[in-house]
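First, the structure itself, so that you have it in front of you.
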Amino acid sequence: MAFPSSLAVRELPLFPLPEVVLFPNCPLPLHIFEFRYRIMMNTILESDHRFGVLMWDPEQGQAAAVGCCAEVIRYERLPDDRMMVLCLGQQRFRVLDYVRDKPYRVGLVEWIGDTSTQTDLQPLASDVKQLFKDVVGLSDKLTDQETELPDDIPEQATQLSYWVASKFHGAAPEQQALLEMQDTQLRLERETEILTSTRNHLAARTVLKDTLNS
């Protein structure tokens, strides 16, 4: 979702989350229980329903400089003032400065996007999509499970690159690096490297499993 140019720089409430990286058009369910973030949610629900998600690095003791705006699309208030919230990733942003820290952090941010290119990225996107399916299939074979992939996997190259990156669970630093890239081709190429390495590793384990079983 594109924001009006008049909002290219704006103040945004920020929610640092350990090991969580949000991507555009990807869902994020949250359980809001900490007092300051309950205040934040009540505030944004009275305005435009938007706040920023930043990956918090516990080892470094700081939040990433690049994050993704989240829009609350559904919420449920619980009896003790906790909230269950479903958000959807919107546009990426870079933190320029922090405006305040209490009761919750607010930053001055600028929206960022991928640079335009004349290169046809659909062949590369198709390769990434197939690699992802191969990895899921091999993983299912190893674990004796059956994963049902969604019918609406994005076709457009940039959106596919975000969607695939969001599936790299347990690899927050790598996801953050992909989020910060402003070149769709570079992001898809990096995903190709990751998925190819993963596929080869799973394929070798599958051969070993089949050999042992036989």
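Compute the separation of the alpha-carbon centres of the stretch 43-101 and the stretch 159-176 and state it in Å as a whole number.
Answer, in whole Å: 18.
What is the count of Lys pairs in the chain whose alpha carbons sit under 17 Å apart, if the two are 8 or more places apart or on different chains?
4
Given a 1.4 Å probe, how much area per residue of the stretch 65-214 is accessible, in Å²? Intermediate results must be reported in sequence, preceding the final value.
Working: 8480 Å² over 150 residues.
Solvent-accessible surface per residue comes out at 57 Å².
Right, next: Taking θ = phi - 60°, what integer Hz values does the Karplus form 6.51 cos²θ - 1.76 cosθ + 1.60 yield along the stretch 151-157, in sequence order, with x for Gly and Pro?
Each residue's phi maps through the Karplus curve to give 6, 9, 4, x, 9, 5, 4 Hz.
Rounded if a/c is under 1.5, else prolate if a/b beats b/c, else oblate: with a ≥ b ≥ c from the C-alpha gyration tensor eigenvalues square-rooted, which is the stretch 71-183?
On the way: a/c = 2.34, a/b = 1.32, b/c = 1.78.
Since a/c reaches 1.5 but b/c is at least a/b, the shape of the stretch 71-183 is classed as oblate.
Normalised by the residues of the chain, what does the relative contact order come to in percent, with Cα pairs under 8 Å and at least six apart?
Values: 351 pairs, mean separation 47.4, N = 214.
Normalised by residue count, the contact order of the chain is 22 percent.
Shape call for the stretch 68-126 from the C-alpha gyration tensor, a ≥ b ≥ c root eigenvalues: rounded (a/c under 1.5), prolate (a/b greater than b/c) or oblate?
Taking the square roots of the gyration eigenvalues as a ≥ b ≥ c, the stretch 68-126 is oblate.
On the first, second and third principal axes, largest extent first, how far apart are the outermost C-alpha atoms of the chain in Å?
Answer, in whole Å and largest first: 61, 47, 35 Å.
Would you mind putting 12-18, 50-56, 160-166, 93-99 in packing order, based on average other-beta-carbon counts within 10 Å, highest first? Don't skip to the end; give the middle numbers.
Working: 12-18: 19.1, 50-56: 21.6, 160-166: 23.6, 93-99: 15.1.
Descending packing order for the listed peptides: 160-166, 50-56, 12-18, 93-99.
Considering only DSSP states other than H, G, I, E and B, which GluC sites (Glu not before Pro) in the stretch 106-214 qualify as loop sites with at most 15 other Cβ atoms within 10 Å? Please report the intermediate quantities before stating the final value.
Values: sites: E110, E146, E148, E155, E174, E180, E189, E191, E193; in loops: E146, E148, E155.
Those that pass, being in a loop and sparsely packed, are E146, E148, E155.
Using a probe of 1.4 angstrom, how much of the accessible area of the chain is carbon and sulfur, in percent? Let's see the in-between values first.
On the way: 6070 of 11830 Å².
Percent of accessible area from carbon and sulfur atoms in the chain: 51.
The values are calculated or read from the model by the stated rules, or taken from the named source; none is laboratory data. Given the structure is predicted, the values throughout are model-derived calculations rather than measurements. For neighbour counting, all protein chains shown are included, and Cβ atoms are generated from backbone atoms with ideal geometry for every residue, glycine included. Protein only, heavy atoms only, side chains kept; ligands, DNA and RNA dropped before computing areas. Shrake-Rupley method; radii C 1.70, N 1.55, O 1.52, S 1.80 Å.
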